[in-house]
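J.: Encoded as structure tokens, here's the structure I'll be asking about.
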Amino acid sequence: RGSLFGFRGGIAEQEFTEDLAGFAGIDFAGRLTRASMDFPLDVDWVAGIGLGIGDDATLFSVPFGVSLGRRLDAEGATFTPYGTPRLVVDACLDCPGDDDVDLDFGLDIGVDIALRQGWAIRFGVVLGNDREALAIGFLF
């Protein structure tokens with residue numbers, strides 16, 4: 001497989017308040033290397049463009065980094081644990097304060113569980129300055 005392209009979107013709770021924010025983005029990924037006897041992980045480059053809209057501000061983000069993981073096959077399912085360190089350029093439109101553009105670090109840690117019926121469950125956490133998040137997703 002060569003490069004991959006995807007679209008994501010959804011709603012999220014803002015900073016553990018009851019206010020909701022919407023987000024959407026386009027992501028890109030490509031293969032750097034696959035697991036082998038010499039190196040036990042699959043490694044892909046990742047990048048994207050995203051937009052988040054909340055009550056107080058609009059955030060435009062451009063992340064880029066690498067994803068390291070390994071697919072593990074089990075009877076009836078596959079498990080893919082992963083870690084993705086990345087840098088993110090954020091541009092905050094109509095944000096209160098002086099910081100309109102910021103460079104941030106984030107680390108995604110999670111696992112994808114794919115079932116043979118053609119759907120998957122994704123669990124993940126994001127760690128980093130102003131990036132703490134917990135996510136559960138369904139792919140079909």
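The values are calculated or read from the model by the stated rules, or taken from the named source; none is laboratory data. In this text the structure is predicted, and so the values were computed from the model without any measurement. Ideal geometry is used to build each Cβ from the backbone, glycine not excepted, and the neighbour counts take in all protein chains shown. Accessible surface is based on the protein model in full, side chains and every heavy atom, while ligands, DNA and RNA are left aside. Shrake-Rupley method; radii C 1.70, N 1.55, O 1.52, S 1.80 Å.
J.: Scan the range 109-122 and tell me whether some residue there is of a type outside the set (S, T, N, Q), in a strand (DSSP E or B), closer than 15 Å to VAL66 by Cβ and in contact (Cβ under 8 Å) with a residue 40 or more places away in the chain.
T.: no
J.: Which condition breaks for GLU18 when tested against (1) part of a strand (DSSP E or B); (2) modelled with pLDDT under 90; (3) open to solvent by 60 Å² or more (accessible area, probe 1.4 Å)?
T.: Here GLU18 meets the rest and fails (1).
J.: Within the range 60-86, how many residues are open to solvent by 50 Å² or more (accessible area, probe 1.4 Å) and among the polar types (S, T, N, Q)?
T.: Residues that pass the stated criteria total 0.
J.: Quick one: in the range 101-132, which of the residues that are open to solvent by less than 80 Å² (accessible area, probe 1.4 Å) and charged (D, E, K, R) is nearest to the chain's Cα centre (by Cα)?
T.: For the range 101-132, the residue satisfying everything is ASP108.
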